[in-house]
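Beneath this line is the structure, given in structure tokens, with notes to follow.
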Amino acid sequence: FEAIARESKQRIGSLKPQELANTAWVFAIAGTAHRGALVKAVSARAVEFGLPAFSGEQLRQLHSFFLSFELEASPSAELLAPIELRDACRQAMADYKPSYSSKLRENVSAELTRM
């Protein structure tokens, strides 16, 4: 995954919103250690697009990526995504209403809303 992270960081500038969200999400679900430079590159590209460019699903994917980085690395403030982006991603996750629900999903949503 380190080689993929290096390559992804180099190609971030050519990714469309869906590709950016998918790439970020893969790193989140794979449980790999995120590199600050990759997080900064994903954040910068997302800011370039602007929030309206992303669907709710894509914002949820980005949320998973940013949150997993924060939990794994306890990063300094300069490595975090801008607060507006993190808030929009978190809100997309909290607002998500799947066609089915589970107690775990309800608990996670409630906790995200409280944060």
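Only the coordinates and a few stated rules stand behind these numbers; no lab work does. Quantities reported herein were computed from a predicted structural model and do not represent experimental measurements. When we count neighbours, we look across all protein chains shown, and the Cβ atoms used for this are built from the backbone with ideal geometry, even at glycine.
Among residues other than residue 110 whose Cβ falls under 14 Å from its Cβ, what is the net charge (Lys/Arg +1, Asp/Glu -1)? All intermediate terms of the calculation are to be shown ahead of the outcome.
Numbers: positive: 90, 97, 103, 105, 114; negative: 95, 106, 111.
Around residue 110, the charge tally is +2.
Once both labels are positioned 7 Å from their Cα atoms along Cα-to-Cβ, the gap between residue 103 and residue 10 label points is 4.9 nm.
Take the Cα of residue 44, step 7 Å toward its Cβ, do the same at residue 74, and the gap between the two points is 2.8 nm.
Hydrophobic, long helices, defined as DSSP H runs whose alpha-carbon span along the helix axis is 15 Å or greater and whose mean Kyte-Doolittle value is at least 0.5, occur in the chain at 17-30, 36-49.
Please compute the net charge surrounding residue 26, taking Lys and Arg as +1 and Asp and Glu as -1 over other residues with Cβ under 13 Å from its Cβ. Could the numbers behind the result be given before it?
Details: positive: none; negative: 7, 19.
Around residue 26, the surrounding residues sum to -2.
A straight Cα-to-Cα reach below 17 Å connects residue 103 with the aspartates and glutamates 95, 111, residues fewer than 8 places away in its own chain not being considered.
The simple Förster model, with R0 at 25 Å and r as the Cβ-Cβ distance, assigns residue 22 and residue 51 a FRET efficiency of 0.90.
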